[in-house]
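Everything below concerns the one structure shown next.
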Amino acid sequence: MFATRWQARDMWAEMDRIQHQMQRLLGSRNGQRQLDTAIYPPLDLWEDEENLYVETELPGFELEELDIMVTGDNQLSVKGQRKPPEVEGGTWHRQERGYGHFSRMIELPEHVDPEKVSAQFKHGVLTITMPKKEESRPRRIEVKCS
């Protein structure tokens, strides 16, 4: 039997080769990781008696890069783009953050009033408040005894 002795530099070169192939397979372009648009951004959705709320983390985005729409009274669309940073006179050694366009649409569990939807973007967290339409709100029914 013949054994091959690995040296540290051979191992790191092999790791770099494998990483490059994985990036290629997973949609990386020019070493830049692309956003996984099927699930990006992940959203939290909850409600109270008056409103539906969506919260999502969008670090590194600018407000003008986001487009938020409510259509058909029960669909929320969040679109945006994160541009890769430009570095002049430098060389990238690693780019693991995702860049590119994303579009996410979800069906809401209640009808909302699109005219009253509001959004707040603070510290990289987008919070969307969507007032429920009057007919979607629960009504307390008084029971009369005869």
With a Förster distance of 30 angstrom and the Cβ-Cβ distance between Tyr99 and Gln120, calculated FRET efficiency to the nearest 0.05 equals 0.75
Checked against a 25 Å limit on the C-alpha separation, the offending pairs among Lys83/Lys116; Lys83/Lys132; Lys79/Lys122; Lys83/Lys122 are Lys83/Lys116; Lys83/Lys132
What residues have an amide H closer than 5 Å to that of Lys133, excluding those fewer than 5 places away on the same chain, when H is modeled at 1.01 Å from N in the peptide plane?
-> His111, Val112, Asp113
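Relative to the present Cα-Cα distance, how much length would full extension add between Val143 and Met22 at 0.36 nm per residue of separation? Numbers along the way, then the final one.
On the way: separation 121, 0.36 × 121 = 43.56 nm, distance 6.43 nm.
Full extension from Val143 to Met22 adds 37.1 nm.
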Thr129 and Glu88 label points (each 7 Å along its Cα→Cβ direction) are spaced in nm at 4.3 nm
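Taking loop as defined by DSSP and a crowding limit of 16 other beta carbons within 10 Å, which trypsin sites (Lys or Arg not before Pro) in the range 38-112 fit? Write down the numbers at each step before the final one.
Numbers: sites: Lys79, Arg82, Arg94, Arg97, Arg104; in loops: Arg94, Arg97.
Hits after loop and neighbour filter: Arg94, Arg97.
Bear in mind these aren't lab numbers, they're just calculated from the coordinates by the rules spelled out. None of these values were measured; they are calculated from a predicted model. Using ideal geometry, Cβ is built from the backbone for each residue, glycine included, and neighbour counts are taken over all protein chains shown.
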